[in-house]
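Below is one structure, written out as structure tokens; comments come after it.
Quick note: the coordinates plus some simple rules give every number you see, no bench work behind them. Note that the structure is predicted; figures quoted are calculated from it, not measured. Because the Cβ atoms are built from the backbone with ideal geometry, glycine has one as well, and the counts that use them run over all protein chains shown.
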Amino acid sequence: MQSAEAKFNRNSLFLTLKRYSSAVSDMEKTILLPSLLRDVPSDCEAADETCRDLYANYLMLKAIRNTVESSLVPLDDHKAKNATFTKTPEPFLEADPEALFLFHLRGLFSMMSDLTKETRSLTDKYLDIIGLAN
């Protein structure tokens with residue numbers, strides 16, 4: 001009989017998504033008053049409007065978790081986002097399918113790891129705001 005840990009090691013994409021979901025669940029359990037995060041700037045280096053406050057980051061991280069867990073992406077959103085990233089699909093049509101898959105898989109792992117770190121960082125900042133920092 002295989003242990004649960006051995007199953008997770010074989011399915012590392014699932015493990016990465018589970019880590020993110022767990023980090024967001026911990027964030028939700030810890031942050032009892034999300035309104036305290038309003039107007040607290042995030043660690044954004046850009047000086048333009050793309051920087052959000054911690055409350056907006058909190059809502060975004062929860063929304064991403066819901067999308068990951070439900071596996072539902074509205075078709076219209078998917079088409080709109082693809083149109084902004086690439087105007088023409090020609091560069092992708094000539095690519096090796098395996099290389100293209102690995103490129104997107106690496107990107108997914110990287111993005112989920114970054115989101116997990118951001119979620120943990122937001123939780124730590126909240127604990128710092130309320131005076132319970134480790």
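Could you pull out every residue, at least 5 positions away or on a different chain, whose amide H is within less than 5 Å of the one on residue 42? Hs are placed 1.01 Å off N in the peptide plane, and Pro or chain starts have none.
Under 5 Å from the amide H of residue 42 lie the amide H atoms of 52, 54, each far enough along the sequence or on another chain.
Cβ under 15 Å from residue 23's Cβ, residue 23 left aside: what net charge do those residues give with Lys, Arg +1 and Asp, Glu -1?
Details: positive: 18, 19, 29, 62, 65, 117, 120, 125; negative: 26, 28, 69, 114, 118, 124.
For residues surrounding residue 23, the net value is +2.
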